[in-house]
Amino acid sequence: MPHSPGFGRVALGCLLLVAGCSGGLQEMLRELDGEPAPRPRPALSTAGPEAAASKLPASPATEKPPAPPPLEPIPERLGTPASSRAKKPIWSMASESYAPQPTDRHALFVASSGPLQGEQVGLICRLGINTKNHGDFDGEADLSVDVSITQGKEVVRCRAGGPEDTMEMWFSVPLVTLEKGAKVRVTSIDRDLVFDDGIERVAATFNGSYPLTAKGRVSQLECRPLGRELVERHLEQPRNVADKALATMEAVRPDLSERYFGLGMGGDSGAWSARSAIENLAGLVGWDDPRVERRVERLAAQEKRIKDELGAAVEAMRGKLEAPADGPTPMADGGIAVRVTSYACGPDVAKKYRKHVAFKTRDEFKERPCVLGFDVVNHTGAPLEVDEFQGRIGPLKNLKMISSAGAQFDVQLFGEVREGKIRPVGFDHRPVVPNGATIRLLAQPVGKADPAAFASPLLLRGLHGGRRTGKPREWTSLSGGAIALRVTDLTCTEKGCVLRAALRRSGSARLAINSFFRRIEPPLWLRLLDPSAFPAPKPGKDKGGYVRPLEDRVKGPYFEPFATFERNVVRPFEKDIELAPGQTVELAFAMKGEPLPGGMDLDKLVLDTSFDEVPSFLRVEPAPAPQP
């Protein structure tokens with residue numbers, strides 16, 4: 001029987017295992033596989049392990065691991081419902097209870113089925129319902145419970161919420177030890193958006209032994225004692241989550257130029273995540289536990305630091321901007337100029353504007369009646385539109401106001417002042433401002449902060465990701481001053497059009513041309529628009545039914561870079577181009593799409609650019625009193 005090519009290698013391998021050899025046979029195996037012989041190993045030192053280790057280079061593998069963090073002291077005893085309520089922070093979402101509910105209630109219930117693990121520090125309960133074919137309830141419910149425990153003259157109350165569309169839930173009653181004769185009452189509730197519907201109340205008297213059970217027409221209740229040792233074991237995971245969330249907050253550095261001010265997408269610098277994690281801790285051991293208190297204090301310190309740093313950044317930026325009395329402030333790379341005409345809060349403002357503010361923000365306006373008035377001059381070279389729904393004024397969008405105390409507010413546009421009258425701005429009325437014209441707008445700051453935080457001085461910030469100009473042959477500042485662009489020529493033939501433009505890196509940010517993908521980095525897109533093709537507002541037709549936004553109806557060809565001009569010679573891209581600060585390069589752009597129906601005369605067109613969003617700022621303060 002013929003052997004396979006690997007048979008000899010297998011046989012030798014067996015010999016190697018039997019003999020325990022590690023030298024010549026291993027080399028023979030490598031030769032059979034066509035592998036090169038290994039390099040000879042250096043002789044091992046006969047010195048002791050300490051001497052040998054001293055000759056080895058330091059590496060992460062040989063370095064001592066970092067010392068573990070010190071163990072957190074465990075309090076001898078936990079608090080009481082009263083002491084926990086006294087320490088509950090104002091931001092706690094468990095507004096009706098002395099302590100929140102821990103997230104792992106089901107696991108706690110299951111783990112409490114055996115003997116009590118340590119001293120009792122609470123109750124862990126399950127409530128089941130069966131409402132099928134029972135009155136107004138049929139099957140599942142959005143369960144919540146109200147719990148009341150009476151021991152002598154002391155009454156402990158708490159509320160717990162369960163999942164939606166369910167027939168069972170688990171809840172805890174922390175920091176409670178039942179005495180014989182204690183009465184436990186649990187009311188099951190079906191939550192609703194408007195009104196909660198009571199399902200049933202069950203009650204039981206504690207006879208000194210567990211489990212404590214009660215049964216009603218549709219409800220079954222079982223409560224077990226919660227042991228201290230079990231609670232301490234379950235404390236480690238939420239404690240780590242809370243510390244990680246707090247560490248994230250400690251790394252936050254406010255940045256006015258970033259879309260969310262450097263505070264994360266939620267705009268709260270991670271405070272919501274930290275609060276949720278700390279609430280999970282408090283649901284196990286109460287708000288007055290020293291471990292919880294330390295984290296609540298860390299959270300408060302970070303929130304204060306972040307607000308202080310954000311407020312300092314606001315003051316620094318305000319110092320760089322022109323005051324309203326000095327004239328309009330250029331925004332959106334000069335595409336518009338804005339000047340604050342008024343900013344006031346109080347009863348007089350409420351009386352004057354309460355009928356004009358947007359319906360969706362009227363409740364907030366009652367609590368914090370503040371109105372900002374400002375003029376906007378259009379310098380884009382084409383009509384611009386004010387869109388209340390998108391919060392956009394031409395190129396400027398995502399309007400925010402920030403106070404020197406670090407408070408943030410959305411800006412809700414609601415009115416246009418024309419001929420002394422306030423006209424609503426909404427989805428059915430989007431004012432269109434011709435190039436060179438001025439519009440006076442009214443807006444309301446919207447936020448949950450204390451009314452005192454709305455007082456001036458303030459800073460308004462908007463983001464823009466594009467710039468239009470009716471003078472494309474002149475240098476135009478783009479991307480917050482990081483780029484300058486000037487079109488020098490537009491040549492069209494039967495095969496298409498080629499745009500010639502000079503591009504300059506005028507800031508510290510990187511600017512390059514990717515030759516393979518034929519694009520500018522960071523992204524910069526060019527197109528040409530015909531301003532005469534923009535839909536113009538019609539007198540007397542400025543309100544009524546829904547009209548598509550102006551930007552959805554504006555069309556124009558895009559241009560893609562494909563070559564450089566060197567001494568008037570077109571040289572297609574052969575490699576990437578990286579511009580140094582202050583360097584200028586002249587590029588050729590090929591047209592993508594169809595020519596404009598009205599013609600391709602550069603001097604009659606508007607250059608439209610798009611780029612990554614950058615911020616613009618405006619000082620907000622009351623207008624100065626007129627001089628006598």
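The values are calculated or read from the model by the stated rules, or taken from the named source; none is laboratory data. Note that the coordinates shown come from a computational prediction; the quantities given were computed from them, not determined experimentally. FYI the Cβ positions are ideal-geometry reconstructions off the backbone, even for glycines, and counts take in every protein chain you see. The area values use the complete protein model at the heavy-atom level, side chains included, leaving out ligands, DNA and RNA. Shrake-Rupley method; radii C 1.70, N 1.55, O 1.52, S 1.80 Å.
Of the whole protein surface, residue 232 contributes about 40 Å² of accessible area at a 1.4 Å probe radius.
When its C-alpha radius of gyration is set against 2.2 N^0.38 Å (N residues), the stretch 94-182 gives a value of 1.20.
Spherically averaged projected area of the convex hull of Cα atoms, the stretch 141-226: 5.7 nm². Given a cut-off of 18 Å, name the pairs among 400/448; 400/555; 307/448; 244/448 whose C-alpha atoms lie farther apart than that in the structure shown. Violating the 18 Å limit, Cα to Cα: 400/555; 244/448.
Our note on the geometry: Cα centres of the stretch 350-374 and the stretch 556-628, 40 Å apart. For the stretch 308-373, lysine pairs separated by 8 or more sequence positions, or belonging to different chains, with Cα-Cα distances below 20 Å total 5. Per residue, the average separation of C-alpha pairs within less than 8 Å and at least 6 apart gives the stretch 457-519 a relative contact order of 22 percent. Heavy-atom accessible surface of residue 619, to the nearest 10 Å², is about 50 Å², with a 1.4 Å probe and all protein chains retained.
Highest average first, the peptides 321-331, 476-486, 182-192 ordered by how many other beta carbon atoms sit within 10 Å of their residues are 476-486, 182-192, 321-331. Summarising the amide proton neighbourhood of residue 413: residues at separation of 5 or more, or on other chains, whose placed amide H is nearer than 5 Å comprise 444.
Solvent-accessible surface of protein heavy atoms, probed at 1.4 angstrom with all chains present, puts 272, 525 in the order 272, 525, largest first. Between residue 164 and residue 253, the distance separating the two model label sites (each 7 Å from Cα on the Cα→Cβ line) works out to 4.1 nm.
According to the Cα-based calculation, Rg over Rh for the stretch 375-487 is 1.02, with Rh computed by the Kirkwood formula.
A P(r) calculated from all alpha carbon pairs of the stretch 249-399, with 5 Å bins opening at zero, reads 2, 7, 11, 12, 14, 16, 14, 9, 6, 4, 3, 1, 0 percent.
Cα convex hull, the stretch 195-331: 205 Å³ per residue, rounded to a whole number. Only protein heavy atoms count here; under a 1.4 Å probe, residue 416 has an accessible surface of about 10 Å². Restriction of the trypsin sites (Lys or Arg not before Pro) in the stretch 319-398 to DSSP coil positions whose beta-carbon has at most 10 other beta-carbons within 10 angstrom yields 355. The residues of the stretch 94-233 present an accessible area of 49 Å² per residue when probed at 1.4 Å with all protein chains retained. When the residues 106, 464 are ordered by accessible surface, computed with a 1.4 Å probe over the protein chains alone, the sequence from largest down reads 106, 464. Excluding same-chain neighbours fewer than eight residues apart, the lysines reachable from residue 153 by a Cα-Cα span under 21 Å are 180, 183.
Atom-type composition of the exposed protein surface of the stretch 477-516 places 48 percent of the accessible area on carbon and sulfur (1.4 angstrom probe). Residue ranges 206-219, 159-172 sort as 159-172, 206-219 when ordered by packing (mean number of other C-beta atoms within 10 Å per residue, highest first). If every alpha-carbon in the stretch 322-426 counts as one equal scatterer, what log10 I(q)/I(0) does Debye give at q = 0.11, 0.22 1/Å? With no solvent term, the Cα-only Debye profile gives -0.37, -1.48. Here the Kirkwood formula, the inverse mean of 1/r across different C-alpha pairs, assigns the stretch 266-350 a hydrodynamic radius of 17.0 Å. Restricting the GluC sites (Glu not before Pro) of the stretch 84-157 to loop positions (DSSP other than H, G, I, E, B) with no more than 15 neighbouring Cβ atoms within 10 Å leaves 96, 119.
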